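A quick write-up on the structure given underneath.
The values are calculated or read from the model by the stated rules, or taken from the named source; none is laboratory data. Note that this is a predicted model, so its numbers are computed, not measured. As a convention, Cβ positions derive from the backbone with ideal geometry for all residues, glycine included, and neighbour counts pool all protein chains shown. Protein only, heavy atoms only, side chains kept; ligands, DNA and RNA dropped before computing areas. Shrake-Rupley method; radii C 1.70, N 1.55, O 1.52, S 1.80 Å.
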Amino acid sequence: GGIINLTIQKQQNFVEIMLDFVDTQVKDTFHGQNAVIGPLALTIFVWILLMNILKLIPIDYIPSIAHALGLEYFKIVPTTDPNATFGMSIGVFLLILFYSFKVKGVSGFSKELAFNPFNHWIMIPFNLLLEILALIIKPISLALRLFGNMYAGEVVFILIALLPLWIQWTLNVPWAIFHILVIPLQAFIFTVLTVVYLSAAHEDH
């Protein structure tokens, strides 16, 4: 009973640390008033963290089991697939558009696109080109940053697995330890940038 209670207490402490961490980041980064942003940031952070953590499982274990069950192509880490990372980033992009129109209105958001960074009607076409490109680049950069880091890490693990057994551990262990840092860092970056983008969407000039 004592061991079970200790395990539950440790799990509760871990959850509280996660909540406090994300809550602090949202309070420091988001300057609007929206009760959805905190839960959204927590969901994104935990979701990406859990997906990335699958990278620490030896790269051929679960794919080998899947192959034995008849699945020819199986990737265990979802974030090494651009479909997963783009799916999340497009969701963030739609939220940016939604809150931009909701907070600023159609005319306010249109004026923001048309008169930034140069506040003159002659520069409207150039401003629109810059602002629309900047808007589109946000989800692309979110998706590719996460995908690129996770996919590159997986490729290195695969290359290490192709080496002779006696040298694998000397390379695999340091790379796995390095990924213990990369995994939460990538979840943190995606989450913070999401909050920053949504904070900008709530800024009504």
Of 95, 113, 128, 133, which residue is free of Cβ contacts under 8 Å to residues at least 12 places away in the same chain and part of a helix (DSSP H, G or I)? 133
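Please tell me if residue 36 is farther than 26 Å from residue 149 by Cα, open to solvent by less than 80 Å² (accessible area, probe 1.4 Å) and of a type in the set (A, V, I, L, M).
yes
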Residues in the range 116-129 that are over 24 Å from residue 92 (Cα atoms) and open to solvent by 60 Å² or more (accessible area, probe 1.4 Å) total 8
Check the range 159-167 and report whether any residue there is at pLDDT below 85 and surrounded by 14 or more Cβ atoms within 10 Å (Cβ to Cβ). yes
For the range 53-99, name all the residues that are open to solvent by less than 50 Å² (accessible area, probe 1.4 Å), out of contact with any Pro (no Cβ under 8 Å at 6 or more places or on another chain) and of a type in the set (S, T, N, Q). 79, 80, 85
Which residues, taken from the range 32-72, are of a type in the set (S, T, N, Q) and more than 15 Å from the chain's Cα centre (by Cα)? 33, 34, 64
Of the candidates 192, 103, 182, 196, the one satisfying the condition of being open to solvent by less than 30 Å² (accessible area, probe 1.4 Å), closer than 30 Å to residue 26 by Cβ and among the hydrophobic types (A, V, I, L, M, F, W, C) is 182
Assess whether residue 192 counts as being out of contact with any Asp or Glu (no Cβ under 7 Å at 6 or more places or on another chain) and closer than 30 Å to residue 20 by Cβ. yes
Are there any pairs, at least 6 apart or on different chains, whose C-beta atoms fall under 7 Å, with the first in the range 145-156 and within 15 Å of residue 191 (Cβ to Cβ) and the second open to solvent by 30 Å² or more (accessible area, probe 1.4 Å) and modelled with pLDDT of 90 or more, and if so, which? 145/189
So which of 62, 76 ends up being in a loop (DSSP other than H, G, I, E, B) and either in contact with an Asp or Glu (Cβ under 7 Å, 6 or more places away or on another chain) or of a type in the set (A, V, I, L, M) (or both)? 76
Exactly one of (1) closer than 30 Å to residue 95 by Cα; (2) within 28 Å of the chain's Cα centre (by Cα) is unmet by residue 154. Its number? (1)
Which members of the range 130-148 meet the condition of being surrounded by 12 or more Cβ atoms within 10 Å (Cβ to Cβ) and either touching a His at 6+ places or on another chain (Cβ under 8 Å) or more than 22 Å from residue 195 (Cβ to Cβ) (or both)? 130
How many of the residues making up the range 66-88 are of a type outside the set (S, T, N, Q) and farther than 14 Å from residue 55 by Cβ? 13
